[in-house]
Amino acid sequence: MSVTAQARMAAASTSAVTTAAAATAEPLIACENLVRIYQTADVEVQALQGLDLHVAAGTMVAIVGASGSGKSTLLGILSGLDAPTAGAARVGSWDLVSMSASDRLAYRRSSVGFVWQQTARNLVPYLSAQRNVELPMGLNGARSRVRADRARDLLASLGLADKAGRRPGELSGGEQQRVAIGVALANEPAVVFADEPTGELDTATGDEVFAAFRRVNAERGTTVVIVTHDAAVSDQVQRTVAIRDGRTSSEVLRSTSVDEFGEAQVTAREFAVLDRAGRLQLPAGYRQALGLEKRVRLELESDHVGVWPEDDGAQAGGER
Ligand code: ADP
Ligand code: MG
């Protein structure tokens with residue numbers, strides 16, 4: 001029965017993302033059954049428990065989930081800072097599990113950019129915005145003229161042309177995060193990862209920073225993976241992936257179409273994520289509404305799978 005459900009889900013999700021042309025191509029980011037166990041003195045924490053995630057090139061994905069659900073752990077692995085305990089993780093042609101230390105460094109310098117929540121972690125405090133953006137290019141061997149021109153262009157495109165000479169301490173939190181986006185983009189990475197980049201900002205400023213990420217995605221085609229706990233923010237992207245207990249649990253896909261009056265209409269559809277073993281998570285609201293717990297009865301229909309409470313009348317034939 002999982003085959004039918006999977007096929008249907010695949011068909012449904014393809015229809016919902018017709019705006020993302022890359023959806024059918026090989027994903028840029030592929031995580032399969034990712035496990036990360038932290039060993040501390042006396043306890044073992046399973047931060048990721050078999051997480052699957054595929055992201056198509058050129059898309060922007062928001063990752064949401066309660067505190068402690070494993071979002072930062074996932075981003076740490078994807079950005080090459082941390083290695084998984086088990087499972088597979090690939091970004092482009094880079095295998096994040098088996099890559100050597102020198103590959104890891106090259107990957108971090110040239111293929112990906114990062115923006116962290118703590119504004120101070122993103123920028124060097126004693127360098128101007130211009131110098132901060134030039135810094136990663138210098139590490140990559142770019143010539144000073146190229147660095148200067150490119151940093152100026154990047155800052156201008158982020159609305160910071162007149163702030164290039166200021167140090168982080170002379171910029172607002174939102175401006176600092178936009179400079180950080182410039183730093184992340186300095187070496188023209190395929191992907192930018194951002195871990196709650198608006199978490200320390202007020203709503204209006206956070207919206208501005210988020211808008212900058214959206215422009216980067218739309219205008220440069222950079223793939224953006226952004227962790228946020230802000231539902232209003234995640235409503236603005238094509239795809240929102242929810243992580244729960246170290247696994248991807250559900251996804252919302254949004255597509256935009258133009259209606260008969262020429263108005264853009266956004267359609268949002270929610271999907272449960274089915275893993276390779278056929279597991280899926282029923283939303284808490286559904287479980288409560290029908291009193292579903294411990295065991296449920298499944299039935300394969302021609303075009304869907306039914307789920308019933310265990311003691312649902314006489315025909316509960318699925319007892320095990
Ligand atoms: P999120 O970013 O979604 O809040 P994290 O990925 O930071 O979640 O954490 C997931 C789980 O792993 C949490 O239970 C957290 O306490 C634990 N954890 C994270 N980092 C470490 C670490 N370095 N050592 C031990 N446990 C950790
Ligand atoms: Mg976190």
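Laboratory data are not the source of any read-out in this text; all were calculated from the coordinates shown. From a predicted model like this one, the values you see are computed outputs, not experimental measurements. All Cβ positions, glycine included, derive from the backbone under ideal geometry; neighbour counts span all protein chains shown.
Near the amide H of Ala56, within less than 5 Å, lie the amide hydrogens of Leu28, all on another chain or at least 5 residues away, with H placed in the peptide plane.
Only Lys, Arg, Asp and Glu carry charge here, each on its Cβ (+1 for the first two, -1 for the last two); on that basis the range 150-306 has a dipole of about 580 debye about its Cα centre. For the chain, adding -39500 (n - 2.57) for each run of n ≥ 4 DSSP H residues and dividing by the number of residues yields -8500 deg cm²/dmol at 222 nm. Within the shell defined by Cβ-Cβ distances under 10 Å, the residues around Gln281 carry a net charge of +2, with Lys and Arg each +1 and Asp and Glu each -1. Estimated from the Cβ-Cβ distance and a Förster radius of 25 angstrom, the FRET efficiency linking Val43 and Ser67 is about 0.90.
When only the Cβ of Lys, Arg, Asp and Glu is charged (+1, +1, -1, -1), the dipole of the chain relative to its Cα centre reaches about 1260 debye. Neighbours of Leu96, meaning other residues whose beta-carbon lies under 13 angstrom from its beta-carbon, give a summed charge of 0 when Lys and Arg score +1 and Asp and Glu score -1.
Label reach from Glu301 (point 7 Å along Cα→C-beta): in the range 254-281, amide nitrogens under 19 Å belong to 270-272.
Could you tell me the relative contact order of the range 29-272? Use alpha-carbon pairs under 8 Å, at least six residues apart, and round to a whole percent.
Relative contact order of the range 29-272: 26 percent.
For the range 172-262, the set of GluC sites (Glu not before Pro) satisfying both a DSSP loop assignment and a count of at most 11 other C-beta atoms within 10 Å is given as Glu260. Cα-based radius of gyration for the chain, normalised by 2.2 N^0.38 Å, reads 1.11. Under 5 Å between amide hydrogens, built in the peptide plane, is the criterion, and for Val227 it picks out Ile63, Ala194, Asp195, Glu196 among residues at least 5 positions away or on other chains. Residue-wise HN-Hα couplings along the range 80-97, as the Karplus relation 6.51 cos²θ - 1.76 cosθ + 1.60 with θ = phi - 60° gives them from phi, are x, 7, 9, 10, x, 6, 7, x, 10, 9, 9, 10, x, 8, 8, 8, 6, 7 Hz; Gly and Pro carry x. Dipole of the chain computed with +1 at Lys/Arg Cβ and -1 at Asp/Glu Cβ about the Cα centre; of Val241, Val115, Leu298, farthest Cα towards the positive end is Val115. Fewest neighbouring Cβ atoms within 10 Å first, the residues Thr248, Thr73 line up as Thr73, Thr248. Remark on Gly87: its backbone amide H falls under 5 Å from those of Val35, a criterion applied only to residues 5 or more positions apart or on other chains, H modelled at 1.01 Å from N.
As a size descriptor, the averaged projected area of the C-alpha convex hull of the range 176-320 was calculated at 13.7 nm². Our estimate of slack between Ala284 and Ala218, defined as 0.36 nm per intervening residue step minus the Cα-Cα distance, is 20.3 nm. When a/c is below 1.5 the answer is rounded, else prolate if a/b is larger than b/c, else oblate, so apply that to the range 97-149 with a ≥ b ≥ c taken from the square roots of the Cα gyration tensor eigenvalues. Oblate. I want to verify a result. In a Gaussian network model of the chain, Cα cutoff 10 Å, which of these has the top mean-square fluctuation: Ala284, Ala120, Ala25? Among Ala284, Ala120, Ala25, the largest GNM mean-square fluctuation belongs to Ala284. Among the trypsin sites (Lys or Arg not before Pro) in the range 83-168, those located in a DSSP loop and surrounded by at most 16 other Cβ atoms within 10 Å of their own Cβ are Arg143, Arg166. How many percent of the alpha carbon pairs in the range 232-283 exceed a separation of 15 Å? Here the long-distance tail beyond 15 Å is 55 percent of all Cα pairs in the range 232-283.
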